[in-house]
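**Q** Below are the structure tokens for one structure; questions will follow.
A short reminder: the numbers here are calculations on the coordinates, not readings from a lab. Everything numeric here is computed off the predicted structure, so don't read it as measured data. Cβ atoms come from the backbone with ideal geometry, glycine included; neighbour counts cover every protein chain shown.
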């Protein structure tokens, strides 16, 4: 196996065996150096966002002191779910290698295919309604008027 | 304003004024009680996933000791980005109220419309390639064979 994917694989296996979460692992690499290797910790932390990829991005950005991981590569044992794909986009990671597919994950009991539909039309998945639009919209005017705002 | 949205709004404003991140706030409520109110902290923490909604879900799940927030309501000052929509789905939050729209956010310099396209076809946004599929696929067999696995 690729050495980085092997690290992610072994981390996934250990996390699963310790009942920390499902069988998912991820590694973030910069140049020839490992930045971090993580696993799913939804069960260990009760955090529904603690997927291997989100954990890797959070840890790498802390280690590297930047929310911009555009000089990094992500290795993940499974094709990322929509939430993790969003996190990868925000982190500007330019290259992602994945192991198993979404279909493999679905066979294992982790089916996020419907999420793709719901993210485009979330009102089909949960109650979604606008509220206080004018007052909250003003926040963006305040932001644009802020002379020391940091674009990110 | 709705009292919970007002809390989220005021939190967004304070976070922005403190240069912790963009003008985004969120509150999670259970019954008549506030669980937590959070703001975007991407700049403060260097964590690209530290959006107001993700922060709220992480904090609420820690406070309530559960990754299942299906008895909670989320108030967010802006329509959630795809990553946050994914987090809401994983957290099973059944009701979401949002303030400003994605178009308002785009006018403020935060445009995630393209993310919707990329999440369906991420290969259009970054390099994406399979690697070691057979070995990583086996993780799901190990998971299904695990007698004490906890479904989540």
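**Q** Nm distances between the label at residue B:107 and the same-position labels in the remaining copies, 7 Å along Cα→Cβ, shortest first?
**A** 5.0
**Q** In peptide B:140-148, what is the residue-averaged number of other protein chain Cβ atoms found within 10 Å of each Cβ? Don't jump to the answer; show the numbers that get you there.
**A** Numbers: counts 14, 4, 6, 10, 4, 0, 4, 0, 2.
The per-residue average across the peptide is 5.
**Q** Hey, any idea what Rg/Rh is for region A:32-77, computing Rh the Kirkwood way over Cα pairs?
**A** On the way: Rg = 10.9 Å, Rh = 11.1 Å.
Dividing the radius of gyration by the Kirkwood radius yields 0.98.
**Q** Related question: For region B:96-152, what are Rg and Dmax over the alpha carbons, in angstrom?
**A** Both quantities, over Cα of region B:96-152: 19.3, 52 Å.
**Q** Of all DSSP beta bridges located in region A:1-125, what percent are antiparallel, nearest 5?
**A** Working: 10 of 15 bridges.
Beta bridges within region A:1-125, antiparallel portion: roughly 65 percent.
**Q** Please report the orientation-averaged projected area of region A:47-115, defined via the convex hull of its C-alpha atoms, in nm².
**A** 4.6 nm²
**Q** If you don't mind, another one. Across peptide A:104-116, what mean number of C-beta atoms from other chains lies inside 10 Å of a residue's C-beta? Before the final figure, lay out the partial values.
**A** Working: counts 7, 4, 1, 4, 8, 6, 4, 0, 3, 0, 1, 6, 5.
Per-residue shielding by partner chains comes out at 4.
**Q** Kirkwood Rh over Cα pairs of region A:1-143 into Stokes-Einstein at 25 °C, 0.890 mPa s: D in µm²/s? Each step should come with its number before you reach the end.
**A** Values: Rh = 16.3 Å.
Answer, rounded: 150 µm²/s.
**Q** Using alpha carbons only, what's the Rg to Rh ratio of region B:2-41 with Rh from Kirkwood? It would help to have the intermediate numbers written out before the result.
**A** Working: Rg = 10.0 Å, Rh = 9.9 Å.
Taking Rh as the inverse mean 1/r over Cα pairs, Rg/Rh reads 1.01.
**Q** Within region B:97-117, which residues have the backbone N less than 15 Å from the label spot 7 Å out from residue A:141 along Cα→beta-carbon, could you tell me?
**A** Counting only backbone N, you get B:100-101, B:104-105, B:107-108.
**Q** Helix B:82-91 against the longest principal axis of chain B: what's the angle in degrees, Cα atoms only, rounded to the nearest 10?
**A** Long axis of B:82-91 versus the principal axis of chain B: about 80 degrees.
**Q** Also, I was wondering about something else. How far apart are the residue A:147 label points across copies, placing each 7 Å from Cα toward Cβ, in nm, shortest first?
**A** Ordered by distance, the counterparts are at 7.1 nm.
**Q** Translational diffusion coefficient, Stokes-Einstein: compute it for the protein assembly as shown using the Kirkwood radius over C-alpha pairs as Rh, at 37 °C and 0.692 mPa s, and state it as an integer in µm² s⁻¹. Can you show the working numbers first?
**A** Details: Rh = 19.3 Å.
Using the Kirkwood radius from Cα pairs, D works out to 170 µm²/s.
**Q** Once the label point is set 7 Å along the Cα-to-beta-carbon vector, what list of distances in nm do you get between residue B:14 and its counterparts in the other copies?
**A** 3.9
**Q** Over the whole of A:34-45, what's the average partner chain Cβ count within 10 Å per residue? Rounded to a whole number, please. Intermediate results must be reported in sequence, preceding the final value.
**A** Working: counts 0, 0, 0, 0, 0, 0, 1, 0, 5, 4, 0, 4.
Averaged over the peptide's residues, the number is 1.
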